[in-house]
Amino acid sequence: MKGGNTLKTIMTVTAMLCVAGSLFLTGCKKPGVVEEKPEVSGAQTELPVPQGLPPQGEAPPAPAPIRQVMDSEVSTRWRALEITVEEKKEEGGQTFTVEIPLGGEAEVEGTPLKIQLLGFVPDFSMGADSIVTKSLDDVNPAAKITVTEGEQVLFTGWSFRDFPGMHSFEDPRYTVRLTRAVPAE
């Protein structure tokens, strides 16, 4: 009879779990209590919106804007960027430095590369949908560059002085990095 008791125990536990699950799913309502439902007469009933969320169909409030600095403001403080190109050789690799005016381009002598400056922010910050500079100070400088060889574009992206490996130019022959911002005098 031991097997019969085990089966009864399993059935009892299963029944208790079913009742508990049913109570949980119905919100633990007492028997005989009728849930009030809003009347619908062609118009939609608005449900309460949880705190901190915008009502459906409305955009969330915009975050506090970071002060955007226009190119003209940046160029009053900074006139050029120094870019360093290094050959990737175990021995005898050369280093080339080129100074490129803001908005300009330059060929890197001794290499087949040309670098164009597409943008510069002295204090890089990335928002939800924009890249801005938080100040005109040389805090976290970054340059958006294009590296070409002849007519072929090898790289377009950001170069960070303080984080040279982040999103860096990848080439088996050269490394390219922002070395410093040259102040306007």
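Annotations for the structure displayed:
- Region 82-105: number of residues that are free of Cβ contacts under 8 Å to residues at least 12 places away in the same chain and either not in a loop (DSSP other than H, G, I, E, B) or not assigned by TED's automatic domain parsing to the domain that holds V153 (or both): 1
- Residue check for D171: surrounded by fewer than 17 Cβ atoms within 10 Å (Cβ to Cβ), in contact with a Phe, Trp or Tyr (Cβ under 9 Å, 6 or more places away or on another chain), in a loop (DSSP other than H, G, I, E, B) and at pLDDT below 90: yes
- The set of residues in region 140-156 being closer than 16 Å to E82 by Cα and surrounded by fewer than 18 Cβ atoms within 10 Å (Cβ to Cβ) consists of N140, K144, T146.
- Any chance S135 is assigned to a strand (DSSP E or B) and at pLDDT below 90: no
- Some residue of region 142-151 being under 27 Å from the mean Cα position of the chain (by Cα) and free of Cβ contacts under 8 Å to residues at least 12 places away in the same chain: no
- Among the numbered conditions (1) out of contact with any helix residue (DSSP H, G or I) (no Cβ under 6 Å at 6 or more places or on another chain); (2) farther than 13 Å from I83 by Cβ, the only one that L178 does not meet is (2).
The values are calculated or read from the model by the stated rules, or taken from the named source; none is laboratory data. No experiment lies behind these values; they were computed from the predicted model shown. Cβ sites come from the backbone with ideal geometry, for glycine too, and all protein chains shown count toward neighbours.
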